[in-house]
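**Student:** My structure is below; once you've seen it, I'll send some questions.
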Amino acid sequence: MEENIVITRLNELLGSHFVVMTHTWGCHWNVTGMGFKAAHDFLKELYEMEQERVDAVAERIRALGGLAPASVEEMEHRTLIPPTDSSLSSINMVSAWNTLSRLWNGIIGIIEGTHRVVPENDIATRSFLENMAEEMQKELWMIKANLE
C-alpha cells in the first residue's frame, strides 16, 4: 500500500523535528560562557517544545492512519534538515544561535510545504500545522534576538 502524500510529508516533518530537537539538546548540554543560565534555560525550553512537537506530529500521523518512524535511523532517513556541524565540544553561542536560526527557518519551511499538500477539507491537519508554524515563528524571533 502506497503512503499518501500528507503522511509522507508529516513523516518528513517528524524526522526533521527529531533532528532539530537533538541538536538543540546538544546545545543545551554544552553551553558555556556569559549568560550561561539564561541560554541554558532557553535552550531547555526549545528542546522541550521540540519534544512535544515530535510527539504531536507522530500522533497526527497515526490519527491519519499512517505509521510514524520509531527509530533514530528512520528519523535521520526522513529528515529534510541538512546536516549541521555536530562538534559541540567547544560551543560558540553566536554560532549556535545562527545554526538554531537556520534550523528553525528550515522547519518552518517544511511546515509550510506540508501545509500546501493538505486537502482543504482536512481542517484538523491544516490547523495543527498553522499553529505549529506560529509557535515556531515566535521562537525564531527569540532565537534571533540573541544575536543582536
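**Student:** Quick one: order Leu67, Leu80, Leu13 from most to least accessible surface, probe 1.4 Å.
**Tutor:** Leu67, Leu80, Leu13
**Student:** Relative to the Cα centre, what is the charge dipole magnitude of the chain, using +1 at the beta carbon of each Lys and Arg, -1 at the beta carbon of each Asp and Glu, and rounding to the nearest 20 debye? Could the numbers behind the result be given before it?
**Tutor:** Values: 12 positive and 22 negative charges, 60 e Å.
So the magnitude is around 280 debye.
**Student:** Can you tell me how much longer the chain between Ala145 and Phe36 gets when fully stretched, taken as 0.36 nm per residue apart minus their C-alpha distance, in nm with one decimal?
**Tutor:** Gain in length upon complete extension: 37.7 nm.
**Student:** Aspartates and glutamates within cross-link reach of Lys44: Cα-Cα under 15 Å, excluding same-chain residues under 8 positions apart?
**Tutor:** The qualifying aspartates and glutamates are Glu52, Glu139.
**Student:** Pull up the cross-link candidates among the aspartates and glutamates for Lys37, meaning alpha carbon to alpha carbon under 17 Å and not fewer than 8 places away within one chain.
**Tutor:** Glu45, Glu48
**Student:** Bin width 5 Å, alpha-carbon pairs only: give the P(r) of the chain as whole percents, running from 0 to the bin holding the largest distance.
**Tutor:** 2, 10, 20, 23, 18, 13, 8, 5, 2, 1, 0
**Student:** Per residue, how much accessible area does the chain show when a 1.4 Å probe rolls over the protein heavy atoms, in square angstrom?
**Tutor:** For the chain, the solvent-accessible area averages 56 Å² per residue.
The values are calculated or read from the model by the stated rules, or taken from the named source; none is laboratory data. None of these values were measured; they are calculated from a predicted model. When we count neighbours, we look across all protein chains shown, and the Cβ atoms used for this are built from the backbone with ideal geometry, even at glycine. We work out accessible area using only protein heavy atoms, side chains counted, and drop any ligands, DNA or RNA first. Shrake-Rupley method; radii C 1.70, N 1.55, O 1.52, S 1.80 Å.
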